[in-house]
Amino acid sequence: MAIKARSLSKRAVLKTLKDMPERFDADELIERIMLLQKVEEGVADVKAGRVLGTDAMREHIAAKWRK
């Protein structure tokens, strides 16, 4: 359902970097940036109305389980 965000803002990535400890693994930074992108994608989905209510989501899941 999510539309992939094409890019992240430099400001958000720099804030993520600033919030990291003085020493860290590159994998940890990459994971945080990926999480940041997922959150931004979710916010964009909500703003664009690409969301399902609880009842619609339950039906969607139940339909998949019935297959």
Subset of the range 24-51 [of a type in the set (A, V, I, L, M, F, W, C) and within 16 Å of the chain's Cα centre (by Cα)]: Leu29, Ile30, Ile33, Met34, Leu35, Leu36, Val39, Val43, Ala44, Val46, Ala48, Val51
Quick check on the range 27-57: of everything there that is in a helix (DSSP H, G or I) and among the basic types (Lys, Arg), which residue is most open to solvent (accessible area, probe 1.4 Å)? Lys47
From the option list Asp27, Asp45, Asp19, single residue qualifying as in contact (Cβ under 8 Å) with a residue 40 or more places away in the chain and out of contact with any Gly (no Cβ under 6 Å at 6 or more places or on another chain) is Asp45
Arg23 fails exactly one of (1) exposed (fewer than 11 other Cβ atoms within 10 Å of the Cβ); (2) not in a loop (DSSP other than H, G, I, E, B), namely (2)
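The values are calculated or read from the model by the stated rules, or taken from the named source; none is laboratory data. Please read all numbers here as calculations on a predicted model, not as lab measurements. Backbone-built Cβ (ideal geometry, glycine too); neighbour counts: all protein chains shown. All accessible areas refer to the heavy atoms of the entire protein, side chains included, with ligands and DNA or RNA removed. Shrake-Rupley method; radii C 1.70, N 1.55, O 1.52, S 1.80 Å.
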